[in-house]
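Below is one structure, written out as structure tokens; comments come after it.
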Amino acid sequence: STGFCKLDDFLDYFTECMNKLKGKKVIWIGDINVDQNKINDLDYRKLDSALKSFNMVQTIQNYTRVAKRGNKFTHSTIDVIMTNCYSDFNSSGVLQEKIGDHYALQCELKFKVESPPKFEKIAIHDYSTNNVKAFQTHLANLDFTPLFQCKNVDNALLILEENLNNYHGHFFPIKTVKKHEKFIYKPSEESLNAIKMKRKLHKKFKKKLKKVEESNCNSCNVCKRCINAHLAWDDYRKQRNETNRITKANKRENLVNDLKSKSAKNDLKGIWKSIKIAT
């Protein structure tokens, strides 16, 4: 056929690839059109010599093609598995399933591909509200008189720094948290403040609504309680919409910065991954 590759051309390509893949485990699988049963054939010896030069072996021994020529059937082993890591094979051979007039090949390797973790684990200090309050209380009760009386400023600074580091490690221990692998959104200060305000206004609205429910007005929309509840809802709704606007703008800015950063590193895989996450 027009797509036929001569053996010499293939061996040149094979040699070029193996030189580039030096030190790596390599497996070649396919139809090479060199019968592995004709060990005295010139093409077989050329291929065998090329394999030996890269410490490779051909693992298929059985017939891989049965063809009818006239009244006779010919058997040949022209589909091969060539590798330099045969010690990693559990098995290799010829299957009964056929693709055209060729039998399919199979090889089973010893190693297992581990599934990537769904979440990345990171270690951070536990700056919870209770820990911060406990730290502040402890500092308020400390006696800094010895430091004030210390005449050597450098020694006083070292003692203060050592004590603060010890207190920091005690009151803010390290904890492990899970970070979603697709999380690239880093909220800005403006976004965080907007979210806090939204939550504050939502709590205010819930309190006003509870007063309406506890009263006997049956949501008359006229009394002072109902009017205050409606006003609280309007304030919350405006802040919610503003928070959504700020959050979207923040996410867009982070995505653009992420793409610029990966583009500078020529990280094409990371760019497509970010685009996929964003869409």
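The values are calculated or read from the model by the stated rules, or taken from the named source; none is laboratory data. From a predicted model like this one, the values you see are computed outputs, not experimental measurements. Neighbour counts run over all protein chains shown; Cβ positions are idealised from the backbone, glycine included. Please note that ligands, DNA and RNA were not included when accessible areas were found on the heavy atoms of the full protein model with its side chains. Shrake-Rupley method; radii C 1.70, N 1.55, O 1.52, S 1.80 Å.
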Linear extension gain, Glu253 paired with Gln149, 0.36 nm per residue minus alpha-carbon span: 32.3 nm
With DNA, RNA and ligands ignored, accessible area of Met82 (1.4 Å probe; Å², nearest 10): 10 Å²
The chain: DSSP helices with Cα axial extent of at least 24 Å and average Kyte-Doolittle hydropathy no lower than -0.5: 153-171
Per-residue SASA entry for Glu161, accessible area with 1.4 Å probe, Å² rounded to 10: 100 Å²
Partners for Lys68 among lysines (Cα-Cα distance below 20 Å; same-chain residues under 8 apart left out): Lys38, Lys98
Too-long pairs where the Cα-Cα distance tops 31 Å, listed order kept, from Lys6/Lys72; Lys133/Lys276; Lys248/Lys269: Lys133/Lys276
Added length on full extension, which subtracts the Cα-Cα distance from 0.36 nm per residue, Val177 to Asp235: 17.4 nm
Size of charge dipole - region 120-225 - debye, nearest 20, with Cβ of Lys, Arg +1 and Asp, Glu -1, no other charges: 1320 debye
Region 155-232: C-alpha gyration tensor shape, a/c 1.5 cut-off, then a/b vs b/c: prolate
Approximate spin-label separation Asn193-Leu157, in nm, with each point projected 7 Å along Cα-to-Cβ: 3.4 nm
Exposed trypsin sites (Lys or Arg not before Pro) absent - longest run of the chain, DSSP non-H/G/I/E/B, at most 16 other C-beta within 10 Å: 183-264
For the chain, calculated [θ]222 nm from helices alone, where every DSSP H run of n ≥ 4 adds -39500 (n - 2.57): -17000 deg cm²/dmol
Approximate spin-label separation Lys98-Lys24, in nm, with each point projected 7 Å along Cα-to-Cβ: 3.6 nm
Largest-first ordering by accessible area, 1.4 Å probe, given options Asp143, Asp41, Asp35: Asp143, Asp41, Asp35
Greater than 29 Å apart at Cα, pairs in Lys186/Lys238; Lys110/Lys262; Lys52/Lys265: Lys110/Lys262; Lys52/Lys265
